[in-house]
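Beneath this line is the structure, given in structure tokens, with notes to follow.
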Amino acid sequence: MTAISVGHLAANSTADDDVTFLRQLTWDRLAPLELVEAARKGDPVKFAHIWKQRVRERFTKERLVPQELLAGWSVALSTDERLSRLLTALQRSNRRRTGQHRGSMKPAASWSVRIQPLVKALLAPPFVYLQSPIGLLAALELLTTATNSLPHKLWWPLWRATLAAAFVKDGLPTGRPGDLATPDVQLLIHGELPWLAGLVFADVAGGAALMQRGRRFLKKELVARADTDGTPHSELLPRLPLWIAPLIRSTVWAQHFGCPLWSDDERRLLSDVSERAVALCRGDGRSALTNGLPLPSLPVLTKASELFQWSSRNPSLGSLKLLQRHVRKPKSPTAIRKPPVQVMPSNQSDWARLALLRTDWTPAADSVAITHHGPLPQIDVTAGGRQVLHGLWDMQVRIGDSPVQLAEEWSCSCWESDPDGDYAELQMLGPGGMRVERLVFLSRTDRILLMADMVSRAPQGSISLTSRWPLAADIHAEPGQQTRFLQLEGTRFHGRVFPLALPCSRLYSTPHRFGVVNGQLELQQVVEGRGLVAPLIFDWHPQRRSKEVEWRTLTVSENGRVASGDVAAGYRLRVGSSQWLFYRSLRKSSHARAVLGHHTFHETVVARFDSQGDTDPLIMIES
């Protein structure tokens with residue numbers, strides 16, 4: 001095919017040039033003869049008629065009925081405000097209900113009418129929108145789904161301009177400079193766009209090669225960026241819906257053109273990725289750790305559930321339907337019925353550097369998403385589906401006057417998930433065999449969250465540990481009047497957080513500090529020895545909101561002797577009539593240790609006290 005640039009098209013747009021344009025095209029050897037003959041005669045009207053008939057023939061029996069513009073899933077990639085508005089207006093979620101804000105006798109605008117403002121914007125010289133990935137994607141989709149809805153005066157210029165943009169000599173258009181390295185933009189530019197352009201223009205010479213190039217890239221990226229169980233790599237989470245969108249759209253195009261894209265294993269993997277993405281959704285329908293980007297997750301995942309025909313017994317499908325209803329009409333957490341958990345919504349992947357702790361499949365779930373592919377973990381914590389913590393889980397360790405250099409990334413050294421709760425433990429080895437660990441325990445029944453930082457095997461001396469937990473944008477904290485807890489308040493959220501290693505009463509002085517600094521919870525502990533434990537417990541149970549609270553550090557004994565704080569530590573927390581025990585060992589021992597009458601060889605114990613005062617373990621981790 002003769003290479004045609006967008007600039008050449010803009011400068012030569014007369015009727016005579018349409019004839020020349022058609023005659024210059026070269027065609028695939030399998031292209032219909034009558035289509036090729038119409039092009040050689042330079043008859044755009046006859047050519048358009050044959051082309052549209054060809055599109056109808058190529059579509060599978062399952063017709064594509066336009067209800068929304070799928071390119072709108074990636075509207076966040078557009079830097080142009082007008083193009084963004086036009087794309088957003090064609091989303092199903094933004095369609096006005098029949099009769100709403102409209103006279104009773106005035107019918108709703110048809111799809112062919114609604115898309116015309118976007119078509120005209122795409123055709124406005126000098127075709128700036130067609131030179132952007134999202135603009136070209138929208139044009140290709142319109143030629144796929146609306147080819148019979150557009151009048152010839154719009155269809156022909158759109159077909160010609162889109163062909164020129166898709167086969168431009170220097171390749172497909174690029175994205176914004178800051179986005180060029182992101183996997184989702186690469187997937188769109190090098191995967192979906194050539195795949196769809198090759199499908200739409202399969203009869204044009206070079207279309208098949210374009211399609212094959214896109215298929216190869218889509219397959220390579222899917223396998224390279226997802227674990228075998230479908231867990232997406234943690235690097236994808238900030239823009240996960242934008243990365244999934246090209247994969248799902250490409251599957252839609254493959255299905256409706258009847259052209260194979262995935263193998264059975266790849267199709268199953270993409271379905272698993274989509275299911276994992278459902279579990280990562282918060283109560284507002286957005287994906288965890290998306291850093292505030294307004295990315296719509298539900299439309300993409302809803303289409304995935306339809307494509308892969310999720311079973312009615314699939315908990316991901318049930319969760320997705322609950323999310324859709326909740327986003328349309330939010331309910332309080334207590335108003336959402338929580339069925340028994342039969343399939344755990346939690347997940348952990350060493351390869352993906354991701355752990356998801358989640359209590360259930362409802363929009364009102366408590367959850368903790370943790371990524372640990374960098375020097376410091378990222379966390380996203382929700383209570384009742386509402387975001388409480390979000391961002392970098394910061395940490396600074398000093399031994400004497402020297403800061404400890406943290407490793408490039410953390411490893412997940414322990415993962416447990418059972419009906420009582422989810423437990424994850426991260427580990428980083430420092431210089432000289434020193435060990436720095438972070439643990440998270442989310443109760444599935446008690447509505448508490450334990451997060452603790454530990455240092456062990458450090459050189460004897462002064463250890464300073466400063467930990468920071470980033471509060472979500474609408475969460476603010478107020479100190480308690482007589483005790484050292486912090487009261488957390490937000491939109492329909494109330495909770496408290498307790499620093500267990502600090503004295504409960506403010507009457508007792510301490511070298512440690514706990515408060516809010518620059519929108520973050522900050523806990524600083526300073527000890528003498530070879531290790532320390534720095535725990536926080538978050539409590540957001542509505543019935544304990546104003547209950548009296550008390551906590552204290554417990555004595556840990558081993559073989560009749562008291563163990564120092566750099567050997568093992570134990571804590572008791574009482575909120576109203578509810579009580580919990582947290583124990584952590586920092587050094588192994590051949591003897592069982594005792595803490596508040598509980599004897600254990602385990603490294604970590606989280607337990608609640610029953611009405612008789614006996615401990616009921618929630619999680620027990622061996623050393």
Each label sits 7 Å from Cα toward the beta-carbon; between residue 528 and residue 494 the label points are separated, in nm, by 4.4
For peptides 322-329, 563-570, 186-193, sequence by mean Cβ density within 10 Å, most packed first:
186-193, 563-570, 322-329
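Taking only C-alpha pairs under 8 Å that are 6+ residues apart, what is the relative contact order of the chain in percent?
Taking the mean separation of contacting Cα pairs over the length of the chain, I get 7 percent.
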Can you sort 551, 351 from fewest to most other Cβ atoms within 10 Å of each residue's own Cβ?
351, 551
Report relative contact order for the range 546-619 in percent, whole number only (criteria: Cα-Cα under 8 Å, sequence separation at least 6).
26
Filtering GluC sites (Glu not before Pro) in the range 528-564 by DSSP loop and by at most 14 other Cβ atoms within 10 Å leaves 548
Note down the magnitude of the dipole of the range 366-540 about its Cα centre, charges +1 on Lys and Arg C-beta and -1 on Asp and Glu C-beta and zero elsewhere, to the nearest 20 debye.
480
Using 0.36 nm per residue, how much length does the chain from residue 92 to residue 205 gain when fully extended, once their Cα-Cα distance is taken away?
37.1 nm
Under 5 Å between amide H atoms, partner at least 5 residues away or on a different chain: which partners does residue 413 have, H built in plane at 1.01 Å?
425, 426, 427
Between residue 343 and residue 329, 0.36 nm times their residue separation minus their Cα-Cα distance comes to what?
2.4 nm
Counting other C-beta atoms within 10 Å, which of 349, 112 has the fewest, and how do the rest follow?
112, 349
Trypsin sites (Lys or Arg not before Pro) restricted to the range 492-595 and DSSP loop, no more than 12 other C-beta within 10 Å
492, 588
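For the chain, what are the DSSP H helices with axial Cα length of 15 Å or more and mean Kyte-Doolittle hydropathy of at least 0.0?
Flagged H segments are 133-145, 152-166, 240-257.
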Could you work out how far apart the two model spin labels at residue 81 and residue 564 are, taking each label as a point 7 Å from the Cα in the direction of the beta carbon, and quote it in nm?
6.4
Projected area, mean over directions - the range 366-540, Cα convex hull, nm²:
10.1
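Quick one: 370, 619, fewest Cβ neighbours within 10 Å first, how do they rank? Before the final figure, lay out the partial values.
Working: 370 26, 619 21.
Ascending number of Cβ neighbours within 10 Å: 619, 370.
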Take the residue pairs 52/219; 547/588; 46/120; 52/153; 120/220 and return only those whose Cα atoms are more than 26 Å apart.
52/219; 547/588; 120/220
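Where in the range 386-431 are there GluC sites (Glu not before Pro) that are in a DSSP coil and have at most 16 other Cβ atoms within 10 angstrom of their Cβ?
Loop-located and lightly packed - 408, 409.
Laboratory data are not the source of any read-out in this text; all were calculated from the coordinates shown. The structure displayed is predicted, hence computed values, not measured ones. Because the Cβ atoms are built from the backbone with ideal geometry, glycine has one as well, and the counts that use them run over all protein chains shown.
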